[in-house]
Every structure is written in C-alpha cells, then in structure tokens.
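Every number here is computed from the coordinates shown, using simple stated rules; none is lab data. Since the structure is predicted, the reported quantities are computational estimates derived from the model, not experimental observations. Here the Cβ positions follow ideal geometry from the backbone for every residue, glycine too, while neighbour counts run over all protein chains shown.
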Amino acid sequence: MELVKAARDVRENAYVPYSGFKVGAALRGASGRVYAGCNVENVAYPEGTCAEAGAIAAMVAAGETTLAEVYVVAESPAPVPPCGGCRQKLLEFGAPDTPITMATTSGAETRMTLSELLPGAFGADHMSKP
C-alpha cells in the first residue's frame, strides 16, 4: 500500500503544462525503501523526464541500485505501461522477475514482470566477450 500511495501522491506534482498527462511512479528498493518520481515535461518534448526515470534517479541518489517492485499510475482509460526507454532503465536495476504494476487513478491494475514487459531484452551479458 505504501508503494501505491507514494505513486499516487507524487503524480500530483507532475509538471505537465503541455500534455496535461500526469504520471507517478514509485519503486521499492531491495532495502525496502520507497522512491518516487513524476513526469517532468519540457517544451522540447524529447527533453522531458518520465516518472519511472525520476524514481530510479531518486533511488540511485540515495545510494541504492537494486529495485524489487514498481508501481506506475496515470489517469487513463487503461493502465499505462512504461515506455521502451524506461523498460530498459528498469531492467538495469531490476531482475527479469521484478513485478511491475501499472494502474489507473480509477483503480484498474495490470501486473506483469519486467521480462514480460521487455522480452528479449539487451543486457550486460550481451557485452561479454566470448
């Protein structure tokens, strides 16, 4: 419940003057601590920051680098999954079986693992030399 509250609360702080589409994300680190982030837009759209990236940055800034669970919430007709870039960012700090819950502000939820969200992911093992 702490993860849900953190994501819903931080969503209210999203800076979205262009799209009006607020997203909140919270993740639980391996330590049990919760880190939250919201999307932050920029008039030059590609320069914005996703909520998931903000939560990851907060976790790393606190000195933690392993995530155990993720919750993402937006006001939308259906639960919104993390974008492709954020899926790769989540994989950097999570494991294939890390649970990701995507939710709407009205309460609908979809749960998947990180490997279900990013099948065939590029990982550190791909960079090993044979």
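The Cα center of segment 1-27 and the Cα center of segment 55-95 differ in position by 12 Å.
Add +1 for every Lys or Arg and -1 for every Asp or Glu among the other residues with Cβ under 15 Å from the Cβ of Leu90, and state the total. Mind dumping the intermediate values first?
Working: positive: Arg28, Arg87, Lys89, Arg111; negative: Glu52, Glu64, Glu69, Glu92, Asp97, Glu116.
Here the count lands on -2.
Under the definition of Cα pairs under 8 Å and six or more residues apart, what whole-number percent is the relative contact order of the chain? RCO, the chain: 20 percent.
The value of relative contact order for segment 46-111, using C-alpha pairs under 8 Å at least six residues apart, is 37 percent. Beta bridges per DSSP, both residues in segment 2-117: antiparallel share near 75 percent. Applying the Karplus relation 6.51 cos²θ - 1.76 cosθ + 1.60 with θ = phi - 60° to segment 20-26 yields 3J(HN,Hα) values of x, 9, 7, 10, x, 9, 9 Hz, where x marks Gly and Pro.
For the pair Ser19 and Met127, a Förster radius of 30 Å applied to the C-beta separation gives a FRET efficiency near 0.30, rounded to the nearest 0.05. Classify segment 1-63 as rounded, prolate or oblate, taking a ≥ b ≥ c as the square roots of the eigenvalues of its Cα gyration tensor: rounded when a/c is under 1.5, otherwise prolate if a/b is larger than b/c and oblate if not. Judged from the Cα gyration tensor, segment 1-63 comes out oblate (a/c at least 1.5, b/c at or above a/b). Under 5 Å between amide hydrogens, built in the peptide plane, is the criterion, and for Glu69 it picks out Arg28 among residues at least 5 positions away or on other chains.
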